[in-house]
Amino acid sequence: MEDETPSVRRLARSVVRVAPGHFDVPWGVRGALIVCVPLALGLGLHLAAWGVLATLSALNLLLVEFPRPGRTSPSVLWLGVGANTVAFAGGTFVALLPGLWEIPLIGAGVFLALLGSVRPALANVSFTAAVMFVVGTGLPGVTLVQVGLRPLAIAFGGAWCLAAVVLHAALARRYAPTALRSNVADAPSPPPPRASLRHIEVVSVAVALSFAVGLDLHFARDFWIMLTVLVSLRLDLATTTAYSTMRTLGTVAGAAVAFVVTSYVAAPAALFAILVLATVLVFASRDWNYTVYALWITLFVIVLLNLSYAGGPALALTRVLDTAIGGAIAFVTALFLWFAVHGPARRARGRSGATS
């Protein structure tokens, strides 16, 4: 069995490794057209907060469709719309409760959202539902009215994304079959690994503890620490270390770009144009290099939130600190699990070697 111990050389390879031919600009443009329409509608109607939530929902659902563009079953996408809406509503409700109540409920919510990932076909839907639950707990300005209104924006964004994906696939199959294919779809895509209940339990507890850490440090309500743990904590130590490192490096780079952008650009139209470009690069680089993807998704989220919530350049600095803390929590959790699984075997081999 391959050694799962992370090494500096292996980690460096993971950070800089690219998938040749997988920087897919056409798919990035299609993704940006789908994701940014709800935001443009919201800005045009002077409902920026509504547009931000609908855009987040469209982005999240499109990431469900991403591994097999144009080939994901509409029924899976419908399930994604419903799961994302319910998960976000649940997270928004949990955000109304006192902090000590939130900690166990966040763990329970992430566990329920991830439970579907025991079936590989539902892994992407399950993961994006967990993301929407975490985002729902962390967005500011929660009131009892928002518990009812915010999920409507999530449902609209998801429904728009679903309609756009299905329409694009139907038109492409009829009029331009080759346009449906992307570099990502051309390569055989193995199914996601089947998640174990133990892994789901560990991720849920780690996410809840990361929220508790944020409370203890008196951080402003935020979802970024939890999101970093959710995204980075993988099935083994080496992969967790690689993803934590890549996400941290990408976040630092993306936050640096966002800091400059939000320091000098305030006009909503200019921020929207930058957001569209970032969205193109998010989808173009998603399967090319994770560090680069993390850079653009960080810029996307910071600019998007600045269109509705106060923050400015300080929001970029907060993202870096949150990501570093979340990555550290994911790494320590994976390290603990690695020692729990491999430690006894290594000690037994050491004892047998000493007596031989």
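What to note about this one:
- Meets criteria (at pLDDT below 85, under 20 Å from ALA256 (Cα atoms), buried (at least 20 other Cβ atoms within 10 Å of the Cβ) and not polar (S, T, N, Q)) for LEU281: no
- Across the stretch 233-246, the number of residues qualifying as over 12 Å from ILE325 (Cα atoms) and assigned to a helix (DSSP H, G or I) comes to 8.
- Test: residue in the stretch 299-322 that is aromatic (Phe, Trp, Tyr), at pLDDT 75 or above and in contact with a Leu (Cβ under 8 Å, 6 or more places away or on another chain): yes
- Subset of the stretch 316-327 (residues that are farther than 15 Å from PHE211 by Cβ and among the small types (Gly, Ala, Ser)): ALA316, ALA324, GLY327
- Criterion applied to ALA220, ALA238, ALA242, ALA208 was being surrounded by fewer than 18 Cβ atoms within 10 Å (Cβ to Cβ) and either at pLDDT 90 or above or not charged (D, E, K, R) (or both), and the one residue passing it is ALA220.
- The set of residues in the stretch 278-288 that are part of a helix (DSSP H, G or I) and either touching an Asp or Glu at 6+ places or on another chain (Cβ under 6 Å) or in contact (Cβ under 8 Å) with a residue 60 or more places away in the chain (or both) comprises THR279, VAL280, LEU281, VAL282, PHE283, ALA284, SER285.
The values are calculated or read from the model by the stated rules, or taken from the named source; none is laboratory data. Predicted model, so just to flag it, every value in this text is computed and none were measured. Every residue, glycine as well, gets a Cβ built from its backbone with ideal geometry; the counts of neighbours run over all protein chains shown.
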